[in-house]
1. Could you please tell me the mean projected area of the C-alpha convex hull for the stretch B:1-156, averaged over all directions and given in square nanometres to one decimal?
2. Obtain the nm distance between the two label points defined at residue B:397 and residue B:266 by a simple spin-label model: each point lies 7 Å from its Cα along the Cα-to-C-beta direction.
3. Can you give the net charge of the other residues whose Cβ lies under 10 Å from the Cβ of residue B:384, counting K and R as +1 and D and E as -1?
4. Between residue B:232 and residue B:163, what is the label-point separation in nm under the 7 Å Cα-to-beta-carbon projection?
5. Cα-based Rg (one decimal) and Dmax (whole number) for the stretch A:41-110, in Å?
6. In what order do B:174, B:384 fall by count of nearby beta-carbon atoms within 10 Å, going from fewest to most?
7. Just to be sure I follow: if Rg is taken over the C-alpha atoms of the stretch B:199-313 and Rh is the Kirkwood radius over the same atoms, what is Rg/Rh?
8. Using the number of other C-beta atoms within 10 angstrom as an exposure proxy, rank A:55, B:98 with the fewest first.
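Any read-out appearing in this document is the output of simple, stated calculations on the displayed coordinates, not a laboratory observation. None of the values given here were measured: they were computed from a predicted structure. Here the Cβ positions follow ideal geometry from the backbone for every residue, glycine too, while neighbour counts run over all protein chains shown.
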Amino acid sequence: MDSEEKGRGDIADASANNSAANSQRRGSSWHMIPGFSAGMIASSVFLFGSLTSLESAAMLTIFNFLFVFLIFPLRGNLPLKLLTLLMGNVIGLAWNGLFSFSANVIAICMEPVFNTLYLILSPFLNLIWIVSYWSICLTIFSESKEWKEVD
Amino acid sequence: MIVEILEAVYVTLSVLIIAYIVRHFVFAFTVLKNSDSPQRAFRTESEGYRPTTSVLIPACDEERVIGRILQRMTELTYPKDKLQIIVINDASKDHTGEIADQFSKSYPYIEVLHRNKTEGRKGKAAALNAAIPHTNGEIILFFDSDYYPQKDILEKLVSPFSDPEVGAVQGRVTVLNEPKNLVTRLVSLERIGGYRVDQQARESLGLIPQFGGTVGGVRRIVLERLGGWDESALAEDTDLTFRIYLAGFKVHYNNDAECYEEAVESWRAYWKQRYRWSRGHMQCAFKHLANVITSRKLTVREKIDGLLLLNVYFMPVLVLLSWIVCIPLFFLASSQWFLMLWTSMSISLYSFVGNFAPFFEVGVGAYLDGRTRAHWLISLLIFTFLYNIPICTKAFIDLVFSKLLGKKELYWHKTSHLGNGKGYIVN
């Protein structure tokens with residue numbers, strides 16, 4: 001019982017430390033200026049260039065917007081953030097290219113069935129790379145705290 | 001003609017979906033931006049504010065967990081001469097009453113209200129209403145029996161009441177049994193997004209933080225003025241939130257006041273819990289929508305947020321509807337704008353999860369909590385959203401039928417608690 005209670009005390013200690021941890025994760029708001037510029041350039045290339053389809057360009061623009069506003073204010077150095085943004089655009093471009101290519105190839109073989117399947121599944125597949133990549137980037141910029149066991 | 005109608009429906013639904021996505025994006029960005037600055041410092045402003053406080057713990061067949069919370073109540077740092085704890089044993093069929101009685105004998109500030117089979121088992125709201133006449137505190141706090149609060153949580157929860165505009169205060173809920181399995185881990189992520197970001201943002205932006213009915217409290221005079229809890233409401237907490245706002249008071253959210261809960265551990269229990277939440281929330285939407293629009297006590301931004309909050313459980317149903325509308329549109333009128341709007345569907349699938357915190361809200365919350373490995377599970381939240389589509393759809397259909405048939409359900413909609421939660425993950 002004693003060790004259990006002591007452990008539960010640790011829970012309270014852990015939560016009390018949260019506010020201290022928050023202050024340690026102070027972000028860099030000004031990083032958003034170069035981030036926004038880079039994101040705008042990348043999005044403009046996709047939207048007004050002929051690199052990708054409109055659907056892919058829209059997804060990449062959403063990615064850039066999300067990434068700039070929710071990763072660049074975090075603590076961390078600017079070059080690393082710009083690098084991850086660039087990598088994200090490359091991965092997104094590759095994902096959308098591969099996705100479109102596969103869709104076209106399969107559509108030729110089994111058109112009516114595939115069109116319906118594509119319609120149902122594409123919302124999942126379109127965004128899954130954004131969610132996964134963004135989550136991994138959050139891990140890169142997060143500060144780990146230790147594991148605590150209550151008893 | 002059919003195409004035009006479908007297009008109009010699809011555009012309307014997309015606009016609604018986009019409105020919610022923008023709302024949550026603003027929430028996530030606001031909390032991230034404000035993470036440096038401390039929230040309204042009620043604690044420092046009113047450090048000595050210690051009103052008489054009554055804590056109500058409703059319990060119906062909770063022998064596995066009631067001892068844990070009562071033991072914790074004896075360890076609270078709040079002055080005992082200003083504290084009253086009432087356990088409401090709502091006709092339990094197990095040993096809940098006996099366990100509570102043992103604590104009552106040892107600690108004079110703990111009382112037990114036993115309700116018999118005739119008066120009891122009519123729901124949490126009914127149990128709480130029965131206990132209100134027995135309370136003597138200026139502030140009445142509520143904790144579910146499976147919860148495990150911080151030792152100084154009462155000080156944190158009562159401090160905001162030093163502001164006379166504050167009618168209710170809500171603390172933060174954190175999952176205690178998170179390491180148990182995938183369900184508890186995903187529920188934990190939903191909780192992080194829902195409290196750390198969603199509730200916090202609504203507090204920071206002067207919108208409508210939601211009173212959750214547990215880990216929080218209400219000013220006694222406000223509760224009496226409102227006539228207590230609505231016993232016919234399935235989501236009595238959401239109902240009380242709106243009644244408090246419509247009466248001209250505010251709900252304050254205090255992120256520092258943390259309490260630990262035992263999350264559901266199976267998909268079946270998840271269904272049962274979320275079904276009750278969604279049906280209750282929809283019931284509140286029908287009840288309060290017109291009042292929110294016409295109220296003179298709410299600001300414009302509170303009205304907008306109130307409307308979005310009331311309708312949030314309709315979103316999975318609307319997403320399903322827009323998906324269905326898309327299929328004929330795709331074959332009949334696949335145009336450029338259609339493809340652009342189709343992307344909103346993609347985001348919505350990852351956005352309206354469980355407690356309806358989008359993936360980016362969950363991620364920002366986990367980041368601010370210093371969680372690193374938790375981020376890796378964010379992609380899996382899509383499964384909880386997909387699971388919520390049939391839950392909310394069934395809740396909506398059942399609610400409509402019960403309205404038509406005039407059926408009322410006054411009984412405990414309980415989530416079974418096993419008393420397993422002892423761990424707490426911080427990475």
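1. Computing the convex hull of the Cα atoms and averaging its projections yields 15.2 nm².
2. Spacing of the two 7 Å Cα→Cβ label points: 2.4 nm.
3. 0
4. 3.4 nm
5. Rg then Dmax for the stretch A:41-110, in Å: 14.3, 49.
6. B:384, B:174
7. With Rg and the Kirkwood Rh in hand, the quotient comes to 0.96.
8. Ordered by Cβ neighbours within 10 Å, fewest first: B:98, A:55.
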